[in-house]
Structure formats: structure tokens, C-alpha cells
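Notes for the one structure printed next.
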Amino acid sequence: MEKEKHYSVGATIDGAPYATRIDVRGHALVGDEPVEEGGADAGPKAHELLCASLAACTAITLRMYTDRKQWDV
């Protein structure tokens with residue numbers, strides 16, 4: 001059985017009132033709030049990042065499934 005890998009995710013308030021730097025496995029993302037909500041709009045809102053991650057997970061899972069089934073999509 002392969003040993004499970006663990007990755008850390010870090011989030012740091014960095015700059016404008018809500019701008020947050022998010023670090024994952026050497027990748028950097030920025031989350032923020034729109035100007036009308038007190039942020040600088042330097043990145044997506046937290047719930048938008050959550051929705052984006054769910055969309056990416058769904059798309060990747062579907063691609064893996066179609067590849068395994070060798071379906072021409």
C-alpha cells in the first residue's frame with residue numbers, strides 16, 4: 001500500500017484589508033473581496049474559490065472517468 005502524502009495549505013492576510021495569499025504545494029493564489037465590500041478585488045472571494053475548486057474537481061473526475069472508459073468525448 002502506498003504511503004499517503006500530506007500537503008499543507010497556508011493563508012496569510014497580505015496587503016489590503018482582505019487580500020489573502022494562499023500557498024498550496026508551491027502554487028500561489030490570491031483571495032480578496034470586491035471593492036464594494038471593502039476589499040481591493042485582487043482575487044476571487046473565498047466562496048468563489050470554493051466553487052471553482054468544486055468545478056475543477058468535477059471536470060477532472062469526469063475526464064479521468066472518460067479516459068479510463070476510453071470514450072471519445
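The values are calculated or read from the model by the stated rules, or taken from the named source; none is laboratory data. The model shown is predicted, which means the values in this text are computed figures rather than measured ones. Cβ coordinates were reconstructed from backbone atoms using ideal geometry, including for glycine residues, and neighbour counts include every protein chain displayed. Note: accessible area is taken over every heavy atom of the protein model, side chains too, but ligands, DNA and RNA are not part of it. Shrake-Rupley method; radii C 1.70, N 1.55, O 1.52, S 1.80 Å.
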Calculate, for Met64 and Ala28, the FRET efficiency according to 1/(1 + (r/R0)^6) with r their C-beta to C-beta distance and R0 30 Å; round to the nearest 0.05. 0.70
Name the residue from Leu50, Pro34, Ala19 whose Cα lies farthest towards the positive end of the charge dipole of the chain, charges +1 on Cβ of Lys and Arg and -1 on Cβ of Asp and Glu. Leu50
Using a/c under 1.5 as the rounded threshold, could you call the chain rounded, prolate or oblate? The axes a ≥ b ≥ c are square roots of the C-alpha gyration tensor eigenvalues, and prolate needs a/b larger than b/c, oblate otherwise. oblate
Please list, in order, the residues from the range 11-32 whose amide nitrogen is less than 14 Å from a point placed 7 Å along the Cα→Cβ vector of Asp41. 32
Averaged per residue, what accessible area in Å² does the range 1-60 show with a 1.4 Å probe, protein chains only? 79
In whole percent, how big is the carbon plus sulfur part of the accessible area of the chain, probe 1.4 Å, protein atoms only? 58
Helix 46-69: angle to the longest alpha-carbon principal axis of the chain, degrees 0 to 90, nearest 10? 10
Estimated [θ] at 222 nm from DSSP helical runs (n ≥ 4, -39500 (n - 2.57)) normalised by residues in the chain, nearest 500: -11500 deg cm²/dmol
